[in-house]
1. Do you know which of the residues in region 235-260 that are part of a loop (DSSP other than H, G, I, E, B) and under 25 Å from R194 (Cα atoms) is modelled with the lowest pLDDT?
2. I'm trying to understand the selection: among the residues of region 129-182, which are closer than 19 Å to M107 by Cα and without any contact (Cβ under 8 Å) to a residue 40 or more places away in the chain?
3. Can you say whether A213 is at pLDDT 90 or above, among the aliphatic types (A, V, I, L, M) and either touching a Ser or Thr at 6+ places or on another chain (Cβ under 6 Å) or in the same structural domain as G164 (by TED's automatic domain parsing) (or both), as far as the supplied structure shows?
4. Conditions first: (1) assigned to a loop (DSSP other than H, G, I, E, B); (2) under 17 Å from the mean Cα position of the chain (by Cα). A159 passes all but one, so which condition is the exception?
5. Output the residue which, of all residues in region 162-182 that are more than 15 Å from A114 (Cβ to Cβ) and surrounded by fewer than 16 Cβ atoms within 10 Å (Cβ to Cβ), is modelled with the highest pLDDT.
6. Condition test on R118, is it closer than 13 Å to A54 by Cα and among the basic types (K, R)?
7. Restricting attention to region 189-200, does a residue exist that is surrounded by fewer than 16 Cβ atoms within 10 Å (Cβ to Cβ), modelled with pLDDT under 90 and assigned to a loop (DSSP other than H, G, I, E, B)?
8. Regarding region 44-57, can at least one residue be identified that is modelled with pLDDT under 95, over 19 Å from R115 (Cα atoms) and part of a loop (DSSP other than H, G, I, E, B)?
Amino acid sequence: MFEDGAEPFFDAFSRALAGDDAALAPWWSDDAHGMAGLSIYRNTVYKGLADAIAASYPTVLKVVGEDWLREAAVLFARSHPPAHPVLIDYGAGFADWLDAFEPAGDMPFLPDLARMDRLWTEAHLAAEADPFDPQTLVSLSPDAYDQVTLQLIPSARLASFAMGIPALWESLRLPEGADALELEDAPRAVLLWRPYGEVKARPLTPDAYAFLAACRAGQSLASAVAEASALADITDLPAMFADLISNGIFAALVPFPIEGVSP
C-alpha cells in the first residue's frame, strides 16, 4: 500500500478529512465503501474537535448557543487541524478566526470574549511555580532597580481591550450567567493567573497593567517602575506593588538583562 512511502497517503488523508473526497481515490479498491468509511471517520474527527472548542470556549458557547458554536467550530477545524493528538489546548487561533467569520459580524464583542476564554485555558494549563519571597525586593536598594527584573509566574496572562470585555466575560462565567450583554464603553485591562491551583481574574489599573507588561517583556525593574509612574501618582506605587506581590504574581527577581532578551 505504501510502496512510495507513507507521506503521500497521509497528505491525501488530511486533504480528505478537510473535504477533498477524491484525495484518497488512488488507495481505494471500492469507491462506495471508501466514501462511506471516510464519511464516518470525518464526522467522528470533527465532532471531537467541536467538542474541544466548546469545552475551551464556554463563554462563547453561552452567548451563541451550542448549534452555532459547533457549526463554527467545524468550519474552523477544516482549516486549522490539530498539531498534536491531545486536544485539551486545541483552538488557539479561534478568536482571531472569529474576527473574519461573517456570521459573528453582528456580535463584535465575540472574538474578545473568545480571547478571554483562551487566556483562561492558557493560565489553567501553565506550569506551576511558587511565588518569590517578597523580602528579596524589600531589601533591594532602589539604586539597583536597573540591574534586576521581576519575572511573572508562568500562568500570568495580560490583556487590554478597547471596551469592558473583562467585566462582561466574568459576568457570563457566573453559573447563573448575565442578565444582559452589558458592555462598558471604556478601555479595560485584565490579569489572569493561577496562584494556588485555581485560575483567577482581576481588573488592572492602567499603571498596574503598564508595570506588569514591562516585566513580562523582560524590562528592568527601573523601566517597569517608570512605565507605571507615567500613569499614576508616585505615592500610589508602593500600594500597587504590595498588592501585586501579595497576590503571588511574581516568580523571581533575576539579574537584568535576561539572557536572550534585548533590553
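1. Residues of region 235-260 part of a loop (DSSP other than H, G, I, E, B): 247-249, 256-260.
Checking which are under 25 Å from R194 (Cα atoms) leaves us with 247-249, 258.
Values: N247: 92, G248: 91, I249: 94, I258: 66.
My answer is I258.
2. A162, G164, A167, E170, S171, A178, D179, A180, E182
3. Numbers: at pLDDT 90 or above: yes; among the aliphatic types (A, V, I, L, M): yes; either touching a Ser or Thr at 6+ places or on another chain (Cβ under 6 Å) or in the same structural domain as G164 (by TED's automatic domain parsing) (or both): yes.
In short, yes.
4. Just one mismatch for A159, condition (1).
5. Among residues in region 162-182 that are more than 15 Å from A114 (Cβ to Cβ) and surrounded by fewer than 16 Cβ atoms within 10 Å (Cβ to Cβ), the one modelled with the highest pLDDT is A162.
6. When the stated conditions are applied, R118 passes them.
7. Yes, because at least one residue in region 189-200 is surrounded by fewer than 16 Cβ atoms within 10 Å (Cβ to Cβ), modelled with pLDDT under 90 and assigned to a loop (DSSP other than H, G, I, E, B).
8. no
The values are calculated or read from the model by the stated rules, or taken from the named source; none is laboratory data. This structure is a prediction, so every number in the text was calculated from the model and none was measured. Cβ coordinates were reconstructed from backbone atoms using ideal geometry, including for glycine residues, and neighbour counts include every protein chain displayed.
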